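The values are calculated or read from the model by the stated rules, or taken from the named source; none is laboratory data. Computed from a predicted structure; not experimentally measured. Ideal geometry is used to build each Cβ from the backbone, glycine not excepted, and the neighbour counts take in all protein chains shown.
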Amino acid sequence: MVAAFASTSSTPTTDVSDAPRTQLRVGRLTKAHGLKGAIKLELYTDDPERRFVPGAAFSLQVPAESPWHGKHLVLRELRWYNGMPVGFFDGVDDRSAAEALLKAILWVENVDQEEAEPDAWYDHQLVGLAVVREGQKVGEVVRVDHFPAQDLLIVKTASGEVMVPFVQAIVPEVDVEAGVVTVTPPAGLFEEIVDDEPSTQAAVESGADADAPSE
């Protein structure tokens, strides 16, 4: 996750075991580091010690034309340089190989019964929740879109879909049990900002006409 307050992508998968499983988005490869295939990571998880251990396998979200499409990436080691996580992966042994993986998004298979990370929700937990502003329902979450910078809640309203940045300042509370997402959006996010300038100008002109001497 980009921050502690964010959604965790989930895609149900079929498995032979009884435990339901989901695919969780846990990171993105951002920049080659050095000449030996290391790659800097942007983490989408608050628990990298559990997700990024030697031998961890990640499925890759990459373009269809990528040589890595449909393949898995296996972590050899995760190191930290100046507070930045850097991954070393099997089969990625030089800078050229690392650069071929840039912008790839990493996914892991997760058992749903795992203890949830704090302030993190699966997409399917958010879809269908009522979106409430100042005690009034303004819409309903229909999906979650994930981008490198942040996640967006897509909210269906009476006038169409609204993209709401899923950050603490705008979405201060999610209550899955109550079925409610509380939002404190900036002006204009859920409605058009009325331009008062024409009416103000008209009032000025009207005042000027009133003061003008009659003929």
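Table for the structure above
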item: Within segment 76-104, tally of residues that are under 15 Å from V26 (Cα atoms) and among the charged types (D, E, K, R); result: 1
item: Among residues of segment 124-171, those that are of a type in the set (S, T, N, Q), modelled with pLDDT of 90 or more and surrounded by 14 or more Cβ atoms within 10 Å (Cβ to Cβ), counted; result: 1
item: Hits in segment 132-161 - residues which are of a type in the set (V, I, T) and closer than 29 Å to I105 by Cα; result: V141, V142, V144, I154, V155
item: Check on L106, surrounded by 14 or more Cβ atoms within 10 Å (Cβ to Cβ), touching a Ser or Thr at 6+ places or on another chain (Cβ under 9 Å) and over 30 Å from G179 (Cβ atoms); result: yes
item: Pairs, first closer than 17 Å to A158 by Cα in segment 176-191, second polar (S, T, N, Q) and not in a loop (DSSP other than H, G, I, E, B), C-beta under 7 Å, six or more apart; result: F190/T157
item: Hey, D90 touching a strand residue (DSSP E or B) at 6+ places or on another chain (Cβ under 6 Å) and modelled with pLDDT of 95 or more or not; result: yes
item: All positions within segment 148-194 that are of a type in the set (F, W, Y) and closer than 14 Å to D123 by Cα; result: F166
item: Selection from segment 165-183 of residues that are assigned to a loop (DSSP other than H, G, I, E, B) and either among the hydrophobic types (A, V, I, L, M, F, W, C) or over 16 Å from L129 (Cα atoms) (or both); result: F166, V167, Q168, A169, I170, V171, V176, A178, V183
